[in-house]
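Asks: Sharing a structure here in structure tokens format.
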Amino acid sequence: MDNFTRIIKDKTRREILIYLYNKGKATYSDILHDLNLSTGKLNYHLKILEPLILKEEEYYKLNEKGKQLVEIMLSLSNDKREIEYSRYLPQFLAIASLIFLFISGGFLAHEVNIYNEPVTSNPQAFYTIYSISIIALLSSSFLLYTQEAKGLENAMLFLSIIFPYAIYLNWHLVYLVLPAYLIVTSSVTFHYYIYELIPTLIYYFGILPKFINYNIRLMTILWGILIIFGALVNFSAAYLIDLSPLLLGLSIMTSRDSLKNYKILFMITLAIIVGGILFKMFIIY
């Protein structure tokens with residue numbers, strides 16, 4: 001075993017073994033030129049590889065032990081790559097979900113029904129694409145809690161300010177498709193669009209907490225952007241107050257570490273929402 005470990009420890013010897021495994025048999029000249037080796041280097045490695053190779057006339061090929069060793073090496077290599085790829089799968093599923101969610105918004109007509117809800121121009125296409133989006137998002141959330149996820153952490157943070165507006169952005173900025181919002185006139189009424197609220201909640205509470213403390217500075221900037229836009233809307237003559245920043249804040253506050261890192265931003269978010277309600281009720285209306 002120690003001898004085999006010494007043999008495969010060197011990269012060039014591993015390349016020779018894999019080369020012979022894939023080709024079946026090769027001449028000295030083939031190995032020399034295909035692997036771009038010097039004669040001295042090739043002679044040295046062939047000497048060490050003698051327990052694993054056979055020479056029949058002018059051809060070199062692997063013996064049974066050599067084939068078994070290469071198969072083990074390839075198996076371990078493939079397992080490692082599969083593990084690496086699987087760590088990215090939840091992130092890719094979340095991104096795919098966002099894309100499908102955005103596409104589904106294109107099937108909303110520019111009109112509302114008697115319940116003041118957007119009408120779909122092609123219900124079958126909308127529900128099919130929307131369902132794919134939700135399935136991908138739930139799969140992403142499940143995988144994040146069953147395996148280690150690594151990579152695309154900053155991208156996952158960026159998605160936190162896009163998910164609440166995925167359908168909204170594909171419907172010419174009509175407020176009726178926001179996940180949750182308040183209408184403030186002489187009174188305050190709560191409204192939501194269920195087809196945007198569901199994916200937003202899944203992402204905020206099932207996916208984002210896994211990445212929220214990866215880059216505190218970036219998350220602070222992104223949440224700050226939502227707060228600024230919220231302030232501009234809340235303290236304007238418009239009767240709308242978007243609750244997306246509050247949903248983001250609630251998801252961030254689910255862990256003790258996040259509470260410590262983002263407590264001030266959460267308080268600012270609440271203050272802007274309450275201040276906006278008071279401003280609209282007592283000054284505008």
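Rule-based calculations on the coordinates, nothing more; no lab input. Just so it is clear, the model here is predicted, and its values are computed rather than measured. Reconstructed Cβ throughout: ideal geometry from the backbone, glycine too, with neighbour counts over all protein chains shown.
Asks: Work the Kirkwood hydrodynamic radius out for the chain: mean of 1/r over every pair of different alpha-carbon atoms, inverted, in Å.
Replies: Final number for the Kirkwood radius of the chain is 23.3 Å.
Asks: Would you kindly compute the Cα radius of gyration of segment 136-285 and its largest Cα-Cα separation (Dmax), both in Å?
Replies: In order Rg, Dmax, the Cα atoms of segment 136-285 give 15.8, 52 Å.
Asks: Output the Cα-based Rg and Dmax of segment 128-222 in Å, rounding Rg to one decimal and Dmax to a whole number.
Replies: Just the Cα atoms of segment 128-222 yield Rg and Dmax of 15.0, 50 Å.
Asks: How high is the relative contact order of segment 136-285, given as a whole-number percent (alpha carbon pairs under 8 Å, six or more residues apart)? Can you show the working numbers first?
Replies: Details: 191 pairs, mean separation 39.3, N = 150.
Relative contact order comes out at 26 percent.
Asks: Here is a follow-up. Looking at the chain, which longest stretch skips every one of the GluC sites (Glu not before Pro) that is in a DSSP loop with at most 14 other Cβ atoms within 10 Å, leaving the sites themselves out? All intermediate terms of the calculation are to be shown ahead of the outcome.
Replies: On the way: sites that count: Glu57, Glu58, Glu148.
For GluC sites (Glu not before Pro) (loop position, at most 14 other Cβ atoms within 10 Å), the longest site-free span of the chain is 149-285.
Asks: Mind checking which lysines have their C-alpha under 17 Å from Lys65, skipping anything on the same chain fewer than 8 residues away?
Replies: Lys9, Lys23, Lys25, Lys47, Lys55
Asks: Right, next: With an 8 Å Cα cut-off and a minimum separation of 6 or more residues, compute the relative contact order for the chain in percent.
Replies: 13 percent
Asks: Let me ask you something else. Please enumerate, by chain and number, the lysines with C-alpha under 19 Å from the C-alpha of Lys263, excluding those fewer than 8 residues away in the same chain.
Replies: Lys210
Asks: Now a separate question. With axes computed from alpha carbons, what is the tilt in degrees of helix 256-279 against the longest principal axis of the chain, rounded to the nearest 10 within 0 to 90?
Replies: It works out to around 30 degrees.
Asks: May I pose another question? Please give the helix 39-48 orientation as an angle from the longest Cα principal axis of the chain, in degrees from 0 to 90, rounded to the nearest 10.
Replies: 90 degrees
Asks: Taking the highest mean first, how do the peptides 29-39, 225-235 order by number of other beta carbon atoms within 10 angstrom per residue?
Replies: 225-235, 29-39
Asks: What ranking, highest mean first, results for peptides 184-190, 90-96, 242-248, 16-22 when packing means the other Cβ atoms within 10 Å averaged over each residue?
Replies: The densest-packed peptide leads the list: 242-248, 90-96, 16-22, 184-190.
Asks: Further question on the same structure: So for the chain, taking the charge dipole from beta-carbon charges (+1 Lys/Arg, -1 Asp/Glu), which of Tyr214, Leu101, Leu137 sits furthest toward the positive end?
Replies: Highest projection toward the positive end goes to Tyr214.
Asks: To the nearest 10 degrees, how steeply does helix 11-23 sit against the main Cα axis of the chain, on a 0 to 90 scale?
Replies: 80 degrees
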